[in-house]
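To keep things clear, I will list the structure first and then write my remarks on it.
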Amino acid sequence: MHALAEFADIVKPNERLAPYMHLRLGGPAEFFVQPRARPELSAVVRRCFQERLPLRVLGGGCNVLARDEGVKGVVLRLSEPAFTPVTVEGNRVKAGTGAAVSALISQAARHGLAGLEALVGIPGTVGGALRCNAGDRGGDISQFVRQVEVLDSRGEVQVREREELRFGYHSSNLDDPVILAAEFRLESDDPAAIVKRMRRAWIQRKASQPLTYQPACRAFRDPRGLSAAALIEQAGLARTRVGGAEVSERDSNYVVIHPDATARDVLRLIDLMRSRVQERFNVELELEVTIW
Ligand SMILES: Cc1cc2nc3c(=O)[nH]c(=O)nc-3n(C[C@H](O)[C@H](O)[C@H](O)COP(=O)(O)OP(=O)(O)OC[C@H]3O[C@@H](n4cnc5c(N)ncnc54)[C@H](O)[C@@H]3O)c2cc1C
């Protein structure tokens, strides 16, 4: 009997994480849990707290690298329909955090609601986008957030109002165990104009990202006033390869994955990028991708 035996219907012990990750890498989670409804999710969170089991939430796995050795404790995935609705009321859009960012943007656009187009082409879920304040110079998700529902470590729902939320460059103070849902306030606009901006954003983003058939992750945050990609390139690391992990030819701050890659290859390449930039420019690169 294990600590989550009463949740046997939704728990997969020793489930390999690789199939759920954007990079298709990573060893097993001790307990992989996909709750079907909020009360079930709350009960799991409560149990983790009581049993002191580490708890992590996986969104689209676009900004997480799971080690080959696997992850102790619980990995939660909010992929069931109870956690993915996107509903529109007036100029407010409410989304479950398991929904894809692309579903949020397209539902808003269908209702003639503008603002989120700048995020077109950013992979992942609404939950990951909130925690990481996804976006770029053209704008980020924080600009439109009005309210966020979270679960605290006792499994209780808490509402975080706009005034309590703090967002920075690819960061937020949404560090509660689970982000459940969020409400966004958008501006009305002509749907045709919104779709035009979405197309432009898509083309611009895809031109700079690694090719879509290559699984990739963004390794580092841009240091203040500098470009991590430029530093890595000037350090002579363009297209450097370690095992099955390679510095992207399109943007040196991305690591692309070949079919034979392991998480260890990615970690070794990231270490090399960081140490070489430190040696050459005395700049300490900070990780963007979260390592589990
Ligand atoms: C090709 C490519 C291009 C990218 N381009 C951009 C870009 O232009 N701009 C940008 O900002 N990012 C970009 N990213 C990074 C990534 O897409 C974003 O960070 C995205 O928001 C991550 O979402 P996710 O659902 O995949 O989160 P994950 O990677 O699964 O998780 C990220 C973090 O959020 C936490 N988390 C996820 N969901 C929840 C939840 N419901 N409750 C609590 N915690 C949660 C996880 O525990 C983890 O700490 C890119 C990534 C790739 C691979």
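The values are calculated or read from the model by the stated rules, or taken from the named source; none is laboratory data. No experiment lies behind these values; they were computed from the predicted model shown. So basically every Cβ, Gly included, is an ideal-geometry build from the backbone, and we count neighbours across all protein chains shown. Keep in mind that these areas ignore ligands, DNA and RNA; they rest on the heavy atoms of the full protein, side chains included. Shrake-Rupley method; radii C 1.70, N 1.55, O 1.52, S 1.80 Å.
Being more than 16 Å from His22 (Cβ to Cβ) and outside any helix (DSSP H, G or I) is the filter here, so list the residues in segment 262-286 that pass it. Within segment 262-286, Asn282, Val283, Glu284, Leu285, Glu286 meet the criteria. If you scan segment 232-242, which residues turn out to be open to solvent by less than 40 Å² (accessible area, probe 1.4 Å) and either over 24 Å from the mean Cα position of the chain (by Cα) or on the phi > 0 side of the Ramachandran plot (or both)? Listed by number, the residues that qualify are Ala235, Leu237, Thr240, Val242. Among the residues of segment 123-145, those identified as out of contact with any helix residue (DSSP H, G or I) (no Cβ under 6 Å at 6 or more places or on another chain), more than 8 Å from the ligand (Cβ to nearest atom) and open to solvent by less than 20 Å² (accessible area, probe 1.4 Å) are Ser142, Val145. Once segment 165-210 is narrowed to residues that are of a type in the set (Ser, Thr, Tyr) and open to solvent by 70 Å² or more (accessible area, probe 1.4 Å), the residue that is farthest from the ligand (Cβ to nearest atom) is Ser188. Number of residues in segment 255-276 that are hydrophobic (A, V, I, L, M, F, W, C) and either surrounded by fewer than 14 Cβ atoms within 10 Å (Cβ to Cβ) or over 26 Å from Arg131 (Cβ atoms) (or both) equals 1. Taking segment 51-71 as the range and being in a loop (DSSP other than H, G, I, E, B), more than 6 Å from the ligand (Cβ to nearest atom) and under 12 Å from Ala18 (Cα atoms) as the test, the residues that pass are Ala66, Arg67, Asp68, Glu69, Gly70. The residues of segment 20-50 that are away from the ligand (no atom under 11 Å from the Cβ), part of a loop (DSSP other than H, G, I, E, B) and surrounded by 20 or more Cβ atoms within 10 Å (Cβ to Cβ), listed by number, are Leu25, Gly26, Gln34, Pro35.
In segment 1-19, how many are under 14 Å from Trp292 (Cβ atoms) and either over 18 Å from the mean Cα position of the chain (by Cα) or open to solvent by 40 Å² or more (accessible area, probe 1.4 Å) (or both)?
2
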